[in-house]
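What follows is a short report on a single structure.
Where a number appears in this text, it was derived from the coordinates with a stated rule and is not lab data. Predicted, not measured: the structure shown is a model, and the values here were computed from it. Backbone-built Cβ (ideal geometry, glycine too); neighbour counts: all protein chains shown.
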Amino acid sequence: MKVELTHVNKQLIACGLHPEAPYLGVHNIIGVYHAHEWDHGYCEYGEKEDEFMHRYNGTCRGFYADLSEMASFLNQYFKDRAIIEFIAAPFHNHNQFKYIDDDYDIYREIKRFLMHYDISDNSQAGIRLSVNEKEVIEMLLEGAFRGVSLLGLFFPEANVLISPNHHFGIPFFTQNPNSEKEAIELLLKDFPNLKFYEKSTGIED
């Protein structure tokens with residue numbers, strides 16, 4: 001279901017997240033990243049590997065195996081936190097895409113997904129979906145991990161927004177980082193390839 005920007009922002013504010021503030025107004029960001037630390041995904045045929053000297057140089061198969069691991073972590077997180085739905089939108093990123101290229105399969109797939117819900121180009125409106133839409137969640141993760149999509153996932157019932165990025169990371173934005181940290185670290189015991197991180201945004205009261 002399409003969710004207009006005004007309603008998205010209203011729900012963010014109700015959760016203590018401020019859409020126009022740096023880092024959504026949170027003091028600390030916690031998150032999860034994969035030990036392989038991919039950067040913009042895998043090299044496609046014809047790309048020069050020396051252009052990506054600081055990235056993990058893995059295969060396409062390896063990328064999707066690691067993507068599946070990150071998606072499995074999120075699915076378990078949803079169960080543990082009793083999360084049943086989410087809103088997908090650009091949120092603080094404002095734009096739907098970081099990289100626009102019709103030659104990229106993931107760009108075309110996400111573009112069709114947005115059009116299906118009558119989301120126009122450059123719109124900041126969101127889409128409310130069930131967490132059981134596992135293929136959609138994997139699509140959004142892939143788009144972010146490959147440096148194409150800027151769409152995040154917001155869980156109003158948990159007061160949490162995640163914003164996957166091209167470093168194969170999933171930052172968690174919340175005004176309750178300590179409770180989320182405890183839940184995530186406990187969950188990561190079952191995912192040895194995934195690592196926890198925490199950093200200050202420098203925002204003061």
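For the chain, what does the helix formula give at 222 nm: sum of -39500 (n - 2.57) over DSSP H segments with n ≥ 4, over the residue count, nearest 500 deg cm²/dmol? Before the final figure, lay out the partial values.
Numbers: 5 runs with 66 residues, N = 205.
Calculated from helices alone, the mean residue ellipticity at 222 nm is -10000 deg cm²/dmol.
Per residue, what volume in Å³ does the convex hull of the Cα atoms of the range 112-154 enclose?
Numbers: hull volume 3.5 nm³, N = 43.
It comes to 82 Å³ per residue, whole-number rounded.
The E185 and N95 beta-carbon pair, evaluated with R₀ = 35 Å, returns a calculated FRET efficiency of approximately 0.60. For V160, the residues 5 or more places off, or on other chains, whose built amide H falls under 5 Å of its own are F155. Each residue of the range 193-202 was assigned a 3J(HN,Hα) from its phi angle through the Karplus curve 6.51 cos²θ - 1.76 cosθ + 1.60 (θ = phi - 60°); the sequence is 7, 9, 10, 9, 9, 8, 8, 7, 8, x Hz, with glycine and proline shown as x.
Would you mind calculating the gained length between D103 and S72 on full extension (0.36 nm times residue separation, minus the Cα-Cα distance), in nm to one decimal? Could you put the intermediate results ahead of the total?
On the way: separation 31, 0.36 × 31 = 11.16 nm, distance 2.83 nm.
Gain on stretching D103 to S72: 8.3 nm.
Here is the tail figure for the range 92-205: Cα pairs spaced more than 24 Å apart come to 30 percent of all pairs.
If you take semi-axes √(5λ) of the Cα gyration tensor in Å from the coordinates, which of [x] 29, 22, 14; [y] 31, 18, 14; [z] 25, 22, 16 do you get? So the calculated entry is the one marked [z].
What helices does the chain hold that run 18 Å or longer along their axis, going by alpha-carbon atoms, with a Kyte-Doolittle average of -1.0 or more, using DSSP H for the helix calls? Write out the running numbers ahead of the final one.
Details: long enough: 60-80 (30 Å, -0.31).
Those that clear 18 Å and a mean of -1.0 are 60-80.
Counting Lys and Arg as +1 and Asp and Glu as -1 over every other residue whose Cβ lies under 14 Å from the Cβ of K195, the net charge comes to -3.
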